[in-house]
1. Write down the Å³ per residue value for the convex hull defined by the alpha carbon atoms of region 7-66.
2. Which value at 222 nm does the chain reach when only helices count, each DSSP H run of 4 or more adding -39,500 (n - 2.57), with the total divided by all residues and rounded to the nearest 500 deg cm²/dmol?
3. Grab the alpha carbons of region 91-138, take their convex hull, and tell me the volume per residue in Å³.
4. What are the aspartates and glutamates whose alpha-carbon lies under 17 Å from the alpha-carbon of K120, with same-chain residues fewer than 8 places away excluded?
5. Which lysines, on any chain, are close to K93 with Cα under 19 Å apart, when same-chain ones fewer than 8 places away are left out?
6. Hey, any idea what the orientation-averaged projected area of the convex hull of region 341-495's Cα atoms comes to, in nm²?
7. If packing is taken as the mean number of other Cβ atoms within 10 Å per residue, what is the order of 136-147, 299-310, highest first?
8. Suppose we look only past 21 Å in the calculated P(r) of region 1-125. What percent of the Cα-Cα pairs does that tail hold?
Amino acid sequence: MKTVNHWIGGKTVEGASGNYGPVTDPATGQVTTQVALASADEVDAAVRVAKEAFQSWGQSSLAARTKVLFAYRALLDANRDAIAELIVAEHGKVHSDALGEVARGLEIVELACGITTQLKGELSTSVSNRVDVAAIRQPLGVVAGITPFNFPAMVPMWMFPLAVACGNTFVLKPSEKDPSAANKLAELASEAGLPDGVLNVVHGDKVAVDALLSHPDVAAVSFVGSTPIARYIHTTASANGKRVQALGGAKNHMLVLPDADLDAAADAAVSAAYGSAGERCMAISAVVAVGAIGDALVEKIRERAEKIKIGPGNDPASEMGPLITKAHRDKVASYVHGAAAQGADVVLDGTGHTVEGFEDGHWIGLSLLDNVKTDSDAYRDEIFGPVLCVLRAETYEEGVALINASPFGNGTAIFTRDGGAARRFQLEIEAGMVGVNVPIPVPVGYHSFGGWKDSLFGDHHIYGNDGIHFYTRGKVVTTRWPDPSEAPAGVDLGFPRNH
């Protein structure tokens, strides 16, 4: 059986703990690979290598760093399909979706290529008599990233390219469910000329996570995952004196006003709710229909959802793949099974879906629940699967109040033709990312990604300007130099003396 090992110091390092985790092909349900699970000692070894590499990388020129990043960007572009194939094999998403993931990760690599302008600093001259003040930003040292299964290439690329561009070295702990993409990213970085030890990958479970959170030489931790784990990461790493950005879960709403283009809204709801099998923190999982449009909107969503082709990710005809594990598939199905008893109308029940020839895969069809109550499990929890809840509101104000009452505040959207309503919404809604007639408002690379409330723990959003500030720390230098004309007697620098 194939084994995925660690990548430390620019080379593959075999696991030494003796512990391995299974990696499953979600389309077949078969274990295809095992991944080494690091011990605390192995994590320590990776951090020590990163710390040593920082001594030179942290002092390297911006020109040297960006030269590597430009080469890395070219290699990633040339290997898009290879990376996507690894994602399909271990995560299960369809190939086109995997390619889209790589493309969004590349945006951050491109941002890192332009790091020179982001790290220019500031200078104020003559703030007092011959006194100048400069503000500069410097790297932190060794930083770590802990990333989720749902975007095994994109989320790591949201972190380490900016971190190393700023002069840090990086230890990545990817999800043990789909680990191969992370190793491929590290191998390509080495091929691009990134010095050994600047980017390291250690695979593992909670043992590896806790070792990173408590390690005295790890200065900062980035995390993307569920809210309970994000809260744990933030609390534990902060208690150990680390800077933390921990992005948690979501329950993203889409408010549809009576004047909206219902066909456009239905198209958006289907793509945003069911794309990537709903396994993304920016999925729309709750549609709030305002006024009398609810029945018509639900019918349009149903018509479109029934046409989605579900199948293996390597089949070009497939539009949605399986879920990551059987346990997760069963958990998602449980929300649909219990929905009717909690007052919802089950318009579509996808829990019995299978794919011919792949009966052992982790399949689930598209489910649509109407008239969902806010106290039901399907509404309160982040399901992380292809289940869309529809709620009803009589007015815009009622809809906004419903959304703002949610403990999550990751992303939200409004569909309307009314510019005034859209303007009110973007100011009144309590969420970190807002879409106006855009169902998944994931910011481009040079704006930062992050939510509010229980969707973010820590002060910094990820990538963009926030990401650069997170991976650097500010220093202010105040200088005063004597005028050359005031040089001590006996030293003549050739400047005229004024008497």
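Just so it is clear, none of the values below were taken in a lab; they were calculated from the coordinates. These figures come from a predicted structure and were not determined experimentally. Note that we place each Cβ from the backbone using ideal geometry, even for glycine, and neighbour counts take in every protein chain shown.
1. 116 Å³
2. Computed ellipticity for the chain at 222 nm equals -11000 deg cm²/dmol.
3. Roughly 83 Å³ of hull volume per residue.
4. D132, D466
5. K177, K184, K307, K309, K326, K331
6. Averaged projected hull area, Cα only: 19.6 nm².
7. The peptides rank, most packed first, as 136-147, 299-310.
8. 61 percent
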